[in-house]
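Trainee: Sharing a structure here in structure tokens format.
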Amino acid sequence: LWDKASKNRPNQARLLAKAKGAVVDGITIDMRDQNEYEDEQQSGRKDRNVEEAAITLNYAGTVRNCVVVNACQECVVTPPGSTIENNLFLNAMIFAVKVNSGDAKAITSIVNNTILFTWDNKSPGKGAYRGSAIHLGQVASADIRGNILANNDNNAICTNGALDRTSSTKNVFA
């Protein structure tokens, strides 16, 4: 756990994979102690952007069977072509899954995840990109299938690019 009395705040993802084809399988990350809260009961986060994701893949890889709770920002940040499957992402700030722009031919597979409570600390409920379960960059396509996407401040899926190579099927939105 991060020591709040320390002068140095973490400045990278809790798990940073710099290898090609990395597989992250079956870990649990709770970033609660890294966040700053309004009071001792932790009833609300302070309006401070912490820039770390829980898991970042520098190259396409796989994140499966993981639980990420209370992410400072995103639960997973990945380039196109990755597989994100069978995870529980809960209480993320900004996005739960962020697919950056990259290889226009690569399709990211986002399948059978449960993504609940993504927050927008600036404009909740006003349709901004923040507070979205899944965010696709301008040059990012995905197969989004069989997910539960619920209680997001703004959008279940937010994309800045063309949709000709993105599909969304058999998802539950609430």
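The values are calculated or read from the model by the stated rules, or taken from the named source; none is laboratory data. Nothing here was measured: the structure is a model prediction, and the numbers come from that model. In this analysis, Cβ positions are derived from the backbone assuming ideal geometry, glycine residues included, and neighbour counts consider all displayed protein chains. The accessibility values were calculated without ligands, DNA or RNA, using every heavy atom of the protein model including side chains. Shrake-Rupley method; radii C 1.70, N 1.55, O 1.52, S 1.80 Å.
Trainee: For the stretch 12-29, enumerate the residues that are surrounded by 14 or more Cβ atoms within 10 Å (Cβ to Cβ) and within 9 Å of Leu57 (Cα to Cα).
Mentor: Of everything in the stretch 12-29, those that are surrounded by 14 or more Cβ atoms within 10 Å (Cβ to Cβ) and within 9 Å of Leu57 (Cα to Cα) turn out to be Leu15, Leu16, Ala17, Ala22.
Trainee: Still on this structure, I have one more. With respect to Arg165, is the statement that it is assigned to a loop (DSSP other than H, G, I, E, B) and touching a residue at least 40 places away in the same chain (Cβ under 8 Å) true?
Mentor: It is true that Arg165 is assigned to a loop (DSSP other than H, G, I, E, B) and touching a residue at least 40 places away in the same chain (Cβ under 8 Å).
Trainee: Something else now. Which residues, counting only those in the stretch 139-155, are at pLDDT 95 or above, within 15 Å of Ile84 (Cβ to Cβ) and open to solvent by less than 40 Å² (accessible area, probe 1.4 Å)?
Mentor: Of everything in the stretch 139-155, those that are at pLDDT 95 or above, within 15 Å of Ile84 (Cβ to Cβ) and open to solvent by less than 40 Å² (accessible area, probe 1.4 Å) turn out to be Ala142, Asp143, Ile144, Gly146, Asn147, Leu149.
Trainee: Now, a different point. When you scan the stretch 115-129, how many residues do you find that are open to solvent by 40 Å² or more (accessible area, probe 1.4 Å) and closer than 25 Å to Asp164 by Cα?
Mentor: 2
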